[in-house]
Each structure stands twice: as C-alpha cells, then as structure tokens.
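Visitor: Have a look at the structure that comes next, please.
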Amino acid sequence: MKPKIMLMIAALMGLSAFTSATAADGTFGDVLKLRQANIVLFSMADTADSYVPSGSASGKASSMLGLSYSGEGRVFMVEVRLSEKDDRFLADVALVPGRGDRGTEARTFQLDLTDLKPLQLELARDEATGRRYALQVTPSIDVIDQRTRPFDPARLRLELFYFSSGPVIVNDERYVGRMGAGGGELAWLELPGIGQVEFSLKRFRGAEALGALYEGTIGIKLEDGQRIQIDGVTNGVHNQVIPGGPYTVWVRWTPSELSFEQQVEQTLSKFEGMQRQNELPPDVTPEQIESIRRGIRRGSLMGSGVMGIPQKDRL
C-alpha cells in the first residue's frame, strides 16, 4: 500500500513518477524507444551566404514546440505539435502571422515522420527577392535503457584525474600557471627549483602519502616543506568533484638539481637563444615575447600532464 501512496503524493506535487514492476530475473523497467524530432527555422535565397537561422527546438511525442521569425518585413510564429496516432509519428505545423505582417499567410500542415526521414517544409516565399522561409524537421529515436545493472564501483574510475585549467599555487603565494589535462590516474608537474612531482590516488612505487584531495582541491607538502596547491580537480568517468574526504594523495618527488634562480636563468637563456636564432613562431608579437619572459621569471610551470601508472610502478 505504501508505494501507491508515495506515487500519489509524487503526482500531487507535480513530480514525474517512474513506475515499473520488478521482474523475477531482477530487471527493472524496459529499453524505451521514444520518437523525437528537432526543428530548425531558417530563411535562405539562392546562395549559402544568404542562409539566416532563426532558432531551433526539439521534443518528444506529445510535445508542443514554438519558434518565431522577425525580419525583412515579416513577423510570424511557427507552432509544431508532435504526436503519435495509430503507430504513426506526426507533426502538426501551424504558421501564425504576427500583427502587421501582410506577406505571410496563415497555414497549417501535417507531416508524417514515421519513416524518420528528414523533411524540409517551405512556409512562405518572397517572389521579389527569391528568399524562402522554411522549417527543417529531423525525426529520430531516443533509446533509453532503464534496465538495472549490477553496481560496480570500479566502473566509475574515480582514480582518474581531470584538471580544467585549475590554478597552481606554490607556497601559498606564488601563482605558477594553470593545469589542463585529464583522463589519467597518475598526474605530474614540473616546477623550477622544485623538480618533478608525480601524484595519484592509487599508491605506486616510490610514493609517499604527502598530499590530500578535498572538495576539488589537491594539497601537497613535500619533504622539504614546500607546498603545492591545485584547484579545479574532478574525478571519474563522470568528471565530477568527489564528495567527502580528505582522501590520501600518493606523491613521488624527484627534486630539481638546480635552485629556483638557476632554473629560471637557464630557461631564460634558452628562450633568448631561440629568439636570436629565429626559432620562435613567425607570428609571435613583442608583447607576447615579453609576457613569456615575465612568466619564466615568475617560475611558471615547465610542464604538466596525466598518464596511466606504468606497469613497473604498480603495486
């Protein structure tokens, strides 16, 4: 009795109710195949350059779609009602002229979309200019698989990192750039004066528990006390912030053989050598060159990325 009461409450609250009997084999629901259509309103003369789109909409059977056009002395509305009748997929189209539009005639059409072939419907035409006003209708089938599957946490791949241009901060004060990469369980950074820092949510050879992931931010404290913070971190096949935590981040640090100042000087020398040898892109501007110099002096990221944990490093 209780499930029926809950469904009634959901209906009264305007909530969509998903109901299906649980079959003996453990399935819940079916594979639904729902008819749908996308409509595009446009005008066009004889050439592709004359094409002017005026909006698009999409919906499933039983939907009412509406688009409007305003231009070249015309103002009208196109209403499309999608429906199913006797296993046919139909679109009833109404062309409704606006106030002051004397060139557009009110008309109605019915399109049969059952065979899923795209259709183009001419609504009106300007004889003087050759411009026509038309509706492109593209039917399709939306397949929704509502059958249940055994829950397997491994399929979520929460160990995969995604960095969406998140800022990287060193020692709570020095901004060194943004990290943009994703799809790997092992991430790495290379920083002047620090060296290479590899990190993962999975323990790997030579790694220590030197970091934490919490609410989309990774914080790492190296053995010498230097700190690295990376924001905008998401995880898993659904590319989302993992709730809860903090979670252990395993870190392997290969210190730089050069000091920060030595690394900056070396990188700056190499860059200026490329400039003297005309090895920079031909379209680089003086302003861009100066911006690169400032970034090098600031100690910007020398490299970053993600990858799978090499087989030799897996535990």
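Visitor: Counting only residues that are under 32 Å from the mean Cα position of the chain (by Cα) and of a type outside the set (A, V, I, L, M), which one in segment 299-312 is farthest from I228 (Cα to Cα)?
Guide: Of segment 299-312, the ones under 32 Å from the mean Cα position of the chain (by Cα) are 299-311.
Next cut, of a type outside the set (A, V, I, L, M) only: 299-300, 303-305, 308, 310-311.
Numbers: G299: 13, S300: 13, G303: 14, S304: 13, G305: 15, G308: 22, P310: 24, Q311: 27 Å.
Only one residue fits best here, namely Q311.
Visitor: Which pairs do you get when a residue that is under 16 Å from S43 (Cβ atoms) and without any contact (Cβ under 8 Å) to a residue 12 or more places away in the chain, found in segment 116-145, comes within reach of a residue that is basic (K, R) and open to solvent by 20 Å² or more (accessible area, probe 1.4 Å), reach meaning Cβ atoms under 8 angstrom, with the pair 6+ apart or on two chains?
Guide: What qualifies is R125/R131; R125/R132.
Visitor: Which of the residues belonging to segment 184-200 are surrounded by fewer than 22 Cβ atoms within 10 Å (Cβ to Cβ) and of a type in the set (F, W, Y)? Give the derivation first.
Guide: Filtering segment 184-200 down to residues surrounded by fewer than 22 Cβ atoms within 10 Å (Cβ to Cβ) leaves 184-185, 188, 190, 193, 195-196, 198.
Scanning segment 184-200 gives a single hit, W188.
Visitor: Moving on to the next point. Test G211 against the stated conditions and say whether it is open to solvent by 10 Å² or more (accessible area, probe 1.4 Å), of a type outside the set (S, T, N, Q), in a strand (DSSP E or B) and touching a residue at least 12 places away in the same chain (Cβ under 8 Å).
Guide: Numbers: open to solvent by 10 Å² or more (accessible area, probe 1.4 Å): yes; of a type outside the set (S, T, N, Q): yes; in a strand (DSSP E or B): yes; touching a residue at least 12 places away in the same chain (Cβ under 8 Å): yes.
Against the criterion (open to solvent by 10 Å² or more (accessible area, probe 1.4 Å), of a type outside the set (S, T, N, Q), in a strand (DSSP E or B) and touching a residue at least 12 places away in the same chain (Cβ under 8 Å)), G211 qualifies.
Visitor: I need a count of the residues in segment 65-96 that are open to solvent by less than 80 Å² (accessible area, probe 1.4 Å) and under 20 Å from T114 (Cβ atoms).
Guide: 9
Visitor: Is at least one residue of segment 274-295 within 25 Å of L213 (Cβ to Cβ), at pLDDT below 80 and of a type outside the set (V, I, T)?
Guide: Initial filter on segment 274-295 (within 25 Å of L213 (Cβ to Cβ)): none.
For segment 274-295, residues within 25 Å of L213 (Cβ to Cβ), at pLDDT below 80 and of a type outside the set (V, I, T): absent.
Visitor: Then there is this: Identify the single condition in (1) under 22 Å from the mean Cα position of the chain (by Cα); (2) open to solvent by 60 Å² or more (accessible area, probe 1.4 Å) that A181 does not satisfy, given that it satisfies every other one.
Guide: (2)
Table: residues versus (1) surrounded by fewer than 11 Cβ atoms within 10 Å (Cβ to Cβ); (2) touching a Pro at 6+ places or on another chain (Cβ under 7 Å); (3) in a helix (DSSP H, G or I).
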position: G244; (1), (2), (3): yes, no, no
position: R252; (1), (2), (3): no, no, no
position: Q262; (1), (2), (3): no, no, yes
position: G273; (1), (2), (3): yes, no, yes
position: D283; (1), (2), (3): yes, no, no
position: S300; (1), (2), (3): no, no, no
position: I309; (1), (2), (3): no, no, no
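Visitor: May I ask you to say which residue of I228, I218 is open to solvent by less than 60 Å² (accessible area, probe 1.4 Å), of a type outside the set (D, E, K, R), in contact (Cβ under 8 Å) with a residue 60 or more places away in the chain and in a strand (DSSP E or B)? Step through it out loud before you land on a result.
Guide: Numbers: I218 fails: in contact (Cβ under 8 Å) with a residue 60 or more places away in the chain.
Only one candidate qualifies: I228.
Visitor: Have a look at G193, G177 and point out the one that is at positive phi, in contact with a Leu (Cβ under 9 Å, 6 or more places away or on another chain) and either free of Cβ contacts under 8 Å to residues at least 12 places away in the same chain or outside any strand (DSSP E or B) (or both). Break it down stepwise before answering.
Guide: On the way: G177 fails: either free of Cβ contacts under 8 Å to residues at least 12 places away in the same chain or outside any strand (DSSP E or B) (or both).
Sole residue among the options that is at positive phi, in contact with a Leu (Cβ under 9 Å, 6 or more places away or on another chain) and either free of Cβ contacts under 8 Å to residues at least 12 places away in the same chain or outside any strand (DSSP E or B) (or both): G193.
Visitor: When segment 97-126 is examined, which residues are found to be under 33 Å from the mean Cα position of the chain (by Cα) and either open to solvent by 70 Å² or more (accessible area, probe 1.4 Å) or farther than 24 Å from S62 by Cβ (or both)?
Guide: D115, K117, P118, Q120
Visitor: For segment 38-50, check the following and say yes or no: at least one residue is out of contact with any Cys (no Cβ under 8 Å at 6 or more places or on another chain), small (G, A, S) and part of a strand (DSSP E or B).
Guide: The first filter runs over segment 38-50 and keeps only residues out of contact with any Cys (no Cβ under 8 Å at 6 or more places or on another chain), leaving 38-50.
Now narrow it down to the ones that are small (G, A, S): 43, 45, 48, 50.
Next, from what is left, pick out any that are part of a strand (DSSP E or B): 43.
Scanning segment 38-50 turns up at least one residue that is out of contact with any Cys (no Cβ under 8 Å at 6 or more places or on another chain), small (G, A, S) and part of a strand (DSSP E or B).
Visitor: Scan segment 289-315 and report the pairs whose first residue is closer than 19 Å to W188 by Cα and in contact (Cβ under 8 Å) with a residue 12 or more places away in the chain and whose second residue is of a type in the set (D, E) and open to solvent by 40 Å² or more (accessible area, probe 1.4 Å), with Cβ atoms within less than 6 Å and a gap of 6+ or a chain change.
Guide: Going by the 6 Å Cβ cut-off, the qualifying pairs are M302/E190; G303/E190.
Visitor: Kindly indicate whether any position in segment 146-162 is surrounded by 13 or more Cβ atoms within 10 Å (Cβ to Cβ) and in a strand (DSSP E or B).
Guide: Among the residues of segment 146-162, at least one is surrounded by 13 or more Cβ atoms within 10 Å (Cβ to Cβ) and in a strand (DSSP E or B), which makes the answer yes.
Visitor: Would you be able to say whether some residue in segment 15-33 is at pLDDT 85 or above and of a type in the set (F, W, Y)? Write out each step before concluding.
Guide: Just the residues of segment 15-33 that are at pLDDT 85 or above, to begin with: none.
No, segment 15-33 has no match at all.
Visitor: Given the conditions (1) touching a Ser or Thr at 6+ places or on another chain (Cβ under 6 Å); (2) charged (D, E, K, R); (3) in a strand (DSSP E or B), which single one is not true for E122?
Guide: Evaluating E122 over (1) touching a Ser or Thr at 6+ places or on another chain (Cβ under 6 Å); (2) charged (D, E, K, R); (3) in a strand (DSSP E or B) leaves (1) as the failure.
The values are calculated or read from the model by the stated rules, or taken from the named source; none is laboratory data. What you are looking at is a predicted structure, and each value in this text was computed from that prediction instead of being measured. For neighbour counting, all protein chains shown are included, and Cβ atoms are generated from backbone atoms with ideal geometry for every residue, glycine included. Just the protein is used for accessible areas: all its heavy atoms, side chains included, with ligands, DNA and RNA removed. Shrake-Rupley method; radii C 1.70, N 1.55, O 1.52, S 1.80 Å.
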